[in-house]
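The values are calculated or read from the model by the stated rules, or taken from the named source; none is laboratory data. Keep in mind it's a predicted model, so treat the numbers as computed, not measured. All Cβ positions, glycine included, derive from the backbone under ideal geometry; neighbour counts span all protein chains shown. Side chains included, ligands, DNA and RNA excluded: accessible areas come from the protein's heavy atoms. Shrake-Rupley method; radii C 1.70, N 1.55, O 1.52, S 1.80 Å.
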Amino acid sequence: QVRLVESGGDLVQAGGSLRLSCTTSGIRISINTIGWYRQTPGKQRELVASIASGGITNYADSVKGRFTISRVNAKNTVYLEMNSLKPEDTAVYYCNTPNRATQGFWGQGTQVTVSS
């Protein structure tokens, strides 16, 4: 059974930093692409960062230079380091595999709120 659990969200002031964690089970993150997505009310969920099996990372233009995705295979955990946070980064953040995202399987997510 594949499971991905997000944590680390919080209320932070603009310019601050947070690190989100995605703890996984039932999946080998070393050979699977894992993405961090976010969603705000009334908007579609968007992919903000991903890390592929070869360690190749990709970022949405809106977060390039501010967010860093990484993983620790031994801990089955994927991280999203978020720096220079802006109010527009406020959202519920989710981690997922592309396949599960396409099939509509999502976890609870973690709330990030950035105050101005």
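In the set (1) within 12 Å of the chain's Cα centre (by Cα); (2) charged (D, E, K, R); (3) under 20 Å from W106 (Cα atoms), the condition left unmet by E81 is number (3).
Assessment of the stretch 88-97 against the conditions (touching a residue at least 12 places away in the same chain (Cβ under 8 Å), touching a Ser or Thr at 6+ places or on another chain (Cβ under 6 Å) and in a loop (DSSP other than H, G, I, E, B)) yields at least one matching residue. Being at pLDDT 95 or above and more than 18 Å from E6 (Cβ to Cβ) holds for only one residue in S50, S115, and it is S115. Scanning the stretch 49-61 for residues that are in a loop (DSSP other than H, G, I, E, B) and either within 12 Å of L20 (Cβ to Cβ) or over 12 Å from the mean Cα position of the chain (by Cα) (or both) gives A52, S53, G54, G55, I56, D61. Of all residues in the stretch 6-56 being open to solvent by 40 Å² or more (accessible area, probe 1.4 Å) and among the hydroxyl-bearing types (S, T, Y), which is nearest to V78 (Cα to Cα)? In this case the residue turns out to be T23. Hey, could you check the stretch 105-116 for residues that are open to solvent by less than 50 Å² (accessible area, probe 1.4 Å) and either part of a loop (DSSP other than H, G, I, E, B) or among the charged types (D, E, K, R) (or both) and say which is nearest to I29 (Cα to Cα)? Looking at residues that are open to solvent by less than 50 Å² (accessible area, probe 1.4 Å) and either part of a loop (DSSP other than H, G, I, E, B) or among the charged types (D, E, K, R) (or both), I get G107.
Give the residues of the stretch 62-78 that are open to solvent by 50 Å² or more (accessible area, probe 1.4 Å), without any contact (Cβ under 8 Å) to a residue 24 or more places away in the chain and assigned to a loop (DSSP other than H, G, I, E, B), sorted by residue number. Of everything in the stretch 62-78, those that are open to solvent by 50 Å² or more (accessible area, probe 1.4 Å), without any contact (Cβ under 8 Å) to a residue 24 or more places away in the chain and assigned to a loop (DSSP other than H, G, I, E, B) turn out to be K64, G65.
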